[in-house]
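Below: one structure, written as structure tokens.
The values are calculated or read from the model by the stated rules, or taken from the named source; none is laboratory data. Quick caveat: nothing in here was measured; it's all calculated off a predicted structure. Backbone-built Cβ (ideal geometry, glycine too); neighbour counts: all protein chains shown.
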Ligand SMILES: Cc1ncc(C[n+]2csc(CCOP(=O)(O)OP(=O)(O)O)c2C)c(N)n1
């Protein structure tokens, strides 16, 4: 077990360099840290997301077993694998004391849209595994189209005048499933990130849900060296907040000393280029009105 | 000890799965499959079967969970019907593409609209291109016997493909018949535990399954390997039928069962429960009218026994397919496959298709007899203009 989260980040890598993600992609960072924490005795279910590229696009792979089924059902992959591990342990095929961590990772569209039923089903059954939603706030793999987690006013190729609806608050929905653990993550806060994944890894059986805020230089239209800066501004402005819900009890894990205005975050991103002052006020109100608690 | 019980086809499937010692059972209810699910849950809950039931939230997830469990090396079973089967469609290709020998009972039901729980074979015939082995059976005993056989076929290293055992809803799934429940020790001997060596997710031997490729380097070759596995499965299906017969005293004929073929001028071919009626008609026409008519019960639709049927039917004047399914715009799926395999430069039997029993419409002894006699009259015709015949359309 790792006590200091920093230690995890220096552990060996099961995620290979030379991956085919875009320069500046936060998904590479996130997946690398996840792999460092979960280690070699873990098994991945990858859904249709840009993160297929380093994990499943031949000849790239993780250094652990992994399965790509389809876009929607990576939560069901957790269900099938964890059930198989239980029976194979009972039968002595897998040694009873061997810890195998099953996890799934998929995009926001795969998770919040097409896979919503599968996700909700696996969570309601409390099937044993960790689920990571890589929330880059659009369908990026197919070339930047809106998803239900795209924020209001954001440009995508399917919302060329800006998205009308607000961002779906999926962590809140997951917290309502009464699962042992829900947490939000940001690539700008690696210690918070690692600590939460470790915590979930070491909990008893059950469904643990993570949502990783993933600023996408390609889709959000900002320079590729600014990924961490944009990720940090999302948290410092309150656009994205870092919390966990442990067995129903809500806990902010990082609170900005003083919230910055939303405009600081928005102005770095080409996807918000056409916003009027009124639009920005609307976004600021949205952030201000989000009460603390799941989804704040 | 083997025992005899009155069982529905659904319960026969559940007993078959229990005898095969299935380990993971993801399922979602749909009429007429539901009793399969309920019976297996009962077996698990009362301790008769050591397995994991996963009450999935959709069939799409059922097949995904089945893929994941089987990829972990657990023997996996599920069952569905109709709309549920179609809901799985995407993941059916995944099971076969990753070469996972999942076994599924397909309790056949009409694909709506019109929506109904009545049966025909249109749901499973529609899945023919998913690279699943499909075997159609005639009664509850055959359902039970085929579940352990299905695992032995699919898990054979020459095959490694998923297998569907298809039987019609209501008429097989819900009517009771006396069924022999096989002796567990003998089944254990016939079907050893599944401990895969090739495809398995194991942290000690990591592999990625379901890879994505960016160019066409391996696509044709991987599909061709599936084709080769399908081809090899023909011999395996026959071997397993032999081994099962030797162990339990029932042989089903493997890919298809042909009767009274020698000297037959007309052959009636069908699949599923209709086999019982058609066989009885053929027998009567031979015994009482002395007509040279033969009978084929097709069991394997995939792999389609093209060469084998060609050898069997090459001498006949006319072959008639009676099938409870249709590819609208073309003809019955079995008829279409048969047409290509009988295709010859020199001489080809007349091939006629009767679309019957859609939506479970009763196909009576009399009707089949009339069909047989009609075709018998036509058997010398040089050609016919209406090879695909929608037989039971009212008001036509
Ligand atoms: C059933 C199905 N429909 C559509 C697709 C095409 N598709 C592949 S990736 C993708 C978008 C994925 O978006 P998201 O889940 O947000 O992940 P991201 O690419 O942004 O990481 C789509 C629509 C598919 N693979 N399967």
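Residue-by-condition table, conditions (1) surrounded by 15 or more Cβ atoms within 10 Å (Cβ to Cβ); (2) under 20 Å from the mean Cα position of the chain (by Cα):
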position: A:223; (1), (2): no, no
position: A:235; (1), (2): yes, yes
position: A:243; (1), (2): yes, yes
position: A:255; (1), (2): no, yes
position: A:262; (1), (2): yes, no
position: A:272; (1), (2): yes, no
position: A:276; (1), (2): no, no
position: A:281; (1), (2): no, no
Among residues of the range B:331-346 being in contact with a strand residue (DSSP E or B) (Cβ under 8 Å, 6 or more places away or on another chain) and not in a helix (DSSP H, G or I), the residue surrounded by the fewest Cβ atoms within 10 Å (Cβ to Cβ) is B:331
Considering every residue within the range A:201-210, establish whether at least one is surrounded by 13 or more Cβ atoms within 10 Å (Cβ to Cβ) and at positive phi.
yes
Of the numbered conditions (1) at the interface with chain B (Cβ under 9 Å from one of its Cβ atoms); (2) under 21 Å from residue A:211 (Cβ atoms); (3) within 14 Å of the ligand (Cβ to nearest atom), residue A:22 satisfies every one except a single condition; which is it?
(1)
Kindly indicate the residue of the range B:347-382 that is within 19 Å of the chain's Cα centre (by Cα) and buried (at least 18 other Cβ atoms within 10 Å of the Cβ) and also nearest to residue B:304 (Cα to Cα) among those meeting that condition.
B:355
From the set of residues in the range A:72-92 that are in a loop (DSSP other than H, G, I, E, B) and buried (at least 23 other Cβ atoms within 10 Å of the Cβ), which is farthest from the ligand (Cβ to nearest atom)?
A:73
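Table: residues versus (1) under 19 Å from residue A:240 (Cβ atoms); (2) without any contact (Cβ under 8 Å) to a residue 60 or more places away in the chain; (3) within 16 Å of the chain's Cα centre (by Cα).
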| site | (1), (2), (3) |
| --- | --- |
| A:146 | yes, yes, no |
| A:154 | yes, no, no |
| A:157 | no, yes, no |
| A:167 | yes, yes, yes |
| A:193 | yes, no, yes |
| A:202 | no, no, no |
So, residue A:44, is that one in contact (Cβ under 8 Å) with a residue 60 or more places away in the chain, closer than 26 Å to residue B:28 by Cα, more than 7 Å from chain B (Cβ to nearest Cβ) and surrounded by fewer than 24 Cβ atoms within 10 Å (Cβ to Cβ) or not?
no
Which one of the conditions (1) more than 7 Å from chain B (Cβ to nearest Cβ); (2) in a loop (DSSP other than H, G, I, E, B); (3) closer than 29 Å to residue B:89 by Cβ does residue A:111 fail to meet, given that it meets all the rest?
(2)
Among the numbered conditions (1) part of a loop (DSSP other than H, G, I, E, B); (2) within 14 Å of chain A (Cβ to nearest Cβ); (3) within 30 Å of residue B:34 (Cβ to Cβ), tell me where residue B:202 comes up short.
(3)
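Out of the residues in the range A:114-153 meeting the condition of being in a loop (DSSP other than H, G, I, E, B) and away from the ligand (no atom under 13 Å from the Cβ), tell me which one is surrounded by the most Cβ atoms within 10 Å (Cβ to Cβ). Lay out the reasoning, then the answer.
Within the range A:114-153, the first condition is being in a loop (DSSP other than H, G, I, E, B), and the residues that meet it are A:115, A:125-128, A:136-138, A:140-144, A:146-153.
So of that shortlist, the ones also away from the ligand (no atom under 13 Å from the Cβ) come out as A:125-128, A:151-153.
Values: A:125: 21, A:126: 14, A:127: 25, A:128: 22, A:151: 21, A:152: 17, A:153: 22.
Top of the filtered list is A:127.
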Could you look through the range B:243-268, keep only residues that are within 25 Å of residue B:153 (Cβ to Cβ) and exposed (fewer than 12 other Cβ atoms within 10 Å of the Cβ), and pick out the one that is farthest from the other protein chains (Cβ to nearest Cβ)?
B:249
Test: residue in the range A:204-217 that is in a helix (DSSP H, G or I) and at pLDDT 95 or above:
yes
Test residue A:179 against the criterion of being within 30 Å of residue A:98 (Cβ to Cβ), away from the ligand (no atom under 16 Å from the Cβ) and in contact with a strand residue (DSSP E or B) (Cβ under 9 Å, 6 or more places away or on another chain), and give yes or no.
yes
Is it the case, given these coordinates, that residue A:67 is at pLDDT 95 or above, at the interface with chain B (Cβ under 7 Å from one of its Cβ atoms), assigned to a strand (DSSP E or B) and more than 22 Å from residue A:145 (Cα to Cα)?
yes
Can you tell me which residue in the range B:66-88 is nearest to the other protein chains (Cβ to nearest Cβ), limited to those that are farther than 14 Å from residue B:99 by Cβ and out of contact with any strand residue (DSSP E or B) (no Cβ under 7 Å at 6 or more places or on another chain)?
B:72
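Evaluate the range A:97-113: report whether one residue or more is more than 20 Å from residue A:203 (Cα to Cα), surrounded by fewer than 21 Cβ atoms within 10 Å (Cβ to Cβ), within 16 Å of the ligand (Cβ to nearest atom) and within 18 Å of the chain's Cα centre (by Cα). Before you say what the answer is, go through the steps one by one.
First, pick out the residues of the range A:97-113 that are more than 20 Å from residue A:203 (Cα to Cα): A:106-113.
Retained after the next criterion (residues that are surrounded by fewer than 21 Cβ atoms within 10 Å (Cβ to Cβ)): A:113.
Next, only the ones that are within 16 Å of the ligand (Cβ to nearest atom) stay: A:113.
Filter once more, so that each one left must be within 18 Å of the chain's Cα centre (by Cα): A:113.
Yes, there is a match, as at least one residue in the range A:97-113 is more than 20 Å from residue A:203 (Cα to Cα), surrounded by fewer than 21 Cβ atoms within 10 Å (Cβ to Cβ), within 16 Å of the ligand (Cβ to nearest atom) and within 18 Å of the chain's Cα centre (by Cα).
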